[in-house]
Amino acid sequence: RTPTESAALLTTTSSRMPDSAKPVVAIVDPISTGASLAKFLADLGYPLVRVFSDTLPDEVKALVAEGLEVDWQVTVQHEGPGRAAYTAAALRGLGVTEVIVGSEPGVSLQAELSSAFGDAPVPADKIELRRNKYLQSEAVRDAGLDAVHQTLAHTREDVEGFIGTVEATGAAFKAVVKPVEGAGSDGVSICNSAEAVRAAFGRLEGTKNILGLDNYAVLCQEFLAGDEYVVDSVSRGGVHKVVALWRYDKRDYYGSPVVYHGMQLLNVESDPPLLSAMVSYVTSVLDALGVTDGAMHTEVMNTPRGPVLVEVNCRLHGGEGIWLPIAQACLHYTQVSALHDAHFAPNDFAALPATPLCPMHQHGAWVTIRSPSDGTVTAIHHERLERIRGLRSFLGEYFAPCISEGSRVRQTIDATTVHGCFNLAHEEQAVLEADYAVAQQLINDGLFSVAPPKPDDEGVVRVENPSGTIQVSYSFSEREELQNSLWGRLTQMWKPLEDNHHHAQPVAKLREVRRGWRF
């Protein structure tokens, strides 16, 4: 086959002619904030080509918020490992001159394609660092920077070795277990005992993460005590501009220890000694990872021994871009606009401050919408909603589709089960902080009522395999737990998995994907 045929081009028709003077831009996996990037570029008249990586699950390809749809000139489906040259040839045939990553699943492919486009190829020996959290921390350690103590566990023997190192410290047992690749807080467990570490490893072993990628190993790390910060940056030619600093507000929520309650936008003047040191640390981390160009979303813990890397996500800050209005209101630029400047307006990029604007035009924060339980939404408490909308700092809101009467909602246990947000911004810091506290209290009081799952939400999954039949009952609230506990067992099963429940809605048909089964 020709390179074009190999890359599986799917031609689409655009309803609006782009500015022919602008370069053709390809965006790899343009979901989440990648959709905001696409909309930003489309509004400026750039012809856009959509590239889907082989790691992007079909069911998330349409994860584009209302109002962010764009007219793609062409869609290219990348076939898989070893086919990057064919995809690159297809893109060159379309006149593409820039390839930008849109979301986490496309990070590795964009890095591979970078050698064929632009002046900033990712070195071959650095590509794996773009996704692998274990290798990131080891590279940081090798560069002489502080890094988390960790073990990459492929087997239960590896887990036992890690447990031994934690117990040898003599301190109270606390550890983190998480996928070696992933996004948000998907699959992350805070473990207060050796048995909890073993159980967390068992839940992840042989599964797929939220992005549809194989959890081929599990990362076991020391627990880093302290506040967590986000350093969003954009780089061009080795020059790193920190375009936003955020402090996460994570708290215990109905038994889940690290639930996002919100985040606050900062600049270095918010805490000069701490944030200056953090910016310096992160730019050194980027250098250690070989980052010279592109958008990065870096998470760092402020520990008693100083800043320590959690992970570098080599793409835009995610969360579907619902934080963008805060950055725009407070800074008058965003990570998305800075990424555009880095690629297409170098003088404007050079003019950006090295760290977030001081002073900011406004002070901003983001408050999450949470559900205390699984079930069905029976009522929306409009009086509480109106109180939040009436706050002096209210900037806007986003509600997930599940926040409506009659819809099913999941208990908020991590970043993936947050159901929307309120954006706040105000010229006075004191007003913002007071409004933030009020909004948090109203959300805790309840913006909606949830009825427990009904008996008819229950079903049975039957799995046939060479050694017999496994039959498991489940309920709506147990679906994720069932997925995690059985996934490792299902990966070796070769016959179709049946959902014999008479309702199709509670759980989709299980289907075979790559080397596993997914719900």
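The values are calculated or read from the model by the stated rules, or taken from the named source; none is laboratory data. On a predicted model such as this, the values are computed, not experimentally measured, just so you know. Backbone-built Cβ (ideal geometry, glycine too); neighbour counts: all protein chains shown.
Looking across Asp374, Asp348, one residue alone is acidic (Asp, Glu) and within 23 Å of the chain's Cα centre (by Cα). It is Asp374. Among the residues of this structure, Ala175 counts as one that is aliphatic (A, V, I, L, M), surrounded by 22 or more Cβ atoms within 10 Å (Cβ to Cβ) and either on the phi > 0 side of the Ramachandran plot or modelled with pLDDT of 95 or more (or both).
Annotation: of all residues in segment 85-102 being in contact with a Leu (Cβ under 8 Å, 6 or more places away or on another chain) and not hydrophobic (A, V, I, L, M, F, W, C), the one that is nearest to Val336 (Cα to Cα) is Gly102.
Residue check: is Pro18 assigned by TED's automatic domain parsing to the domain that holds Gly95, part of a loop (DSSP other than H, G, I, E, B) and at pLDDT 95 or above? Considered against the rule, which asks whether it is assigned by TED's automatic domain parsing to the domain that holds Gly95, part of a loop (DSSP other than H, G, I, E, B) and at pLDDT 95 or above, Pro18 comes out as no.
Flag: Phe349 matches the condition of being in contact with a Lys or Arg (Cβ under 8 Å, 6 or more places away or on another chain), among the hydrophobic types (A, V, I, L, M, F, W, C) and in the same structural domain as Gly255 (by TED's automatic domain parsing).
Exactly one residue out of Pro123, Pro105 is farther than 27 Å from Glu222 by Cβ and not assigned by TED's automatic domain parsing to the domain that holds Val24, and it is Pro123.
Residues are listed down the side, and each one gets a yes or a no for (1) assigned to a strand (DSSP E or B); (2) modelled with pLDDT of 95 or more; (3) surrounded by fewer than 20 Cβ atoms within 10 Å (Cβ to Cβ):
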position: Pro30; (1), (2), (3): no, yes, no
position: Asp54; (1), (2), (3): no, no, yes
position: Val76; (1), (2), (3): yes, yes, no
position: Thr87; (1), (2), (3): no, yes, no
position: Ser108; (1), (2), (3): no, no, no
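If the condition is being assigned to a loop (DSSP other than H, G, I, E, B), touching a helix residue (DSSP H, G or I) at 6+ places or on another chain (Cβ under 7 Å) and surrounded by 17 or more Cβ atoms within 10 Å (Cβ to Cβ), then segment 127-172 contributes Ile127, Arg131, Leu145, Ala147, Val148. Cβ-Cβ distances below 8 Å connect no pair with a first residue in segment 418-429 that is touching a residue at least 12 places away in the same chain (Cβ under 8 Å) and not assigned by TED's automatic domain parsing to the domain that holds Tyr398, a second residue that is of a type in the set (Lys, Arg) and in a strand (DSSP E or B), and a separation of six or more residues or different chains.
Tell me which residues, restricted to segment 77-104, are at positive phi and either touching a residue at least 24 places away in the same chain (Cβ under 8 Å) or of a type in the set (Val, Ile, Thr) (or both). Within segment 77-104, Gly80, Gly95 meet the criteria. Where strands (runs of 3 or more DSSP E) fall wholly inside segment 368-426, the ranges with 1 or more residues that are surrounded by fewer than 16 Cβ atoms within 10 Å (Cβ to Cβ) are 375-380, 394-399. Taking the listed residues Ser114, Ser103, Ser137, the one that is under 26 Å from His317 (Cβ atoms), of a type in the set (Ser, Thr, Tyr) and out of contact with any strand residue (DSSP E or B) (no Cβ under 7 Å at 6 or more places or on another chain) is Ser103, with no other qualifying.
Quick grid of which residues meet (1) part of a strand (DSSP E or B); (2) touching a residue at least 60 places away in the same chain (Cβ under 8 Å):
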| residue | (1), (2) |
| --- | --- |
| Leu224 | no, yes |
| Asp232 | yes, yes |
| Ser235 | yes, yes |
| Val243 | yes, yes |
| Lys250 | yes, no |
| Pro257 | yes, yes |
| Gln264 | yes, yes |
| Pro273 | no, no |
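Among the residues examined, Gly406 qualifies as touching a residue at least 24 places away in the same chain (Cβ under 8 Å), of a type in the set (Gly, Ala, Ser) and on the phi > 0 side of the Ramachandran plot.
Regarding Gly34, is this residue surrounded by fewer than 22 Cβ atoms within 10 Å (Cβ to Cβ) and outside the structural domain of His297 (by TED's automatic domain parsing)? No.
Are any residues in segment 248-278 surrounded by fewer than 22 Cβ atoms within 10 Å (Cβ to Cβ) and touching a Leu at 6+ places or on another chain (Cβ under 6 Å), and if so, which ones? The answer is Val268, and nothing else.
When Cys314, Cys330 are checked against the criterion of being under 23 Å from Val101 (Cα atoms) and modelled with pLDDT of 95 or more, a single residue qualifies: Cys314.
Against the list (1) farther than 21 Å from Cys314 by Cβ; (2) crowded, with 20+ Cβ neighbours inside 10 Å; (3) of a type in the set (A, V, I, L, M, F, W, C), the condition Val24 fails is (2).
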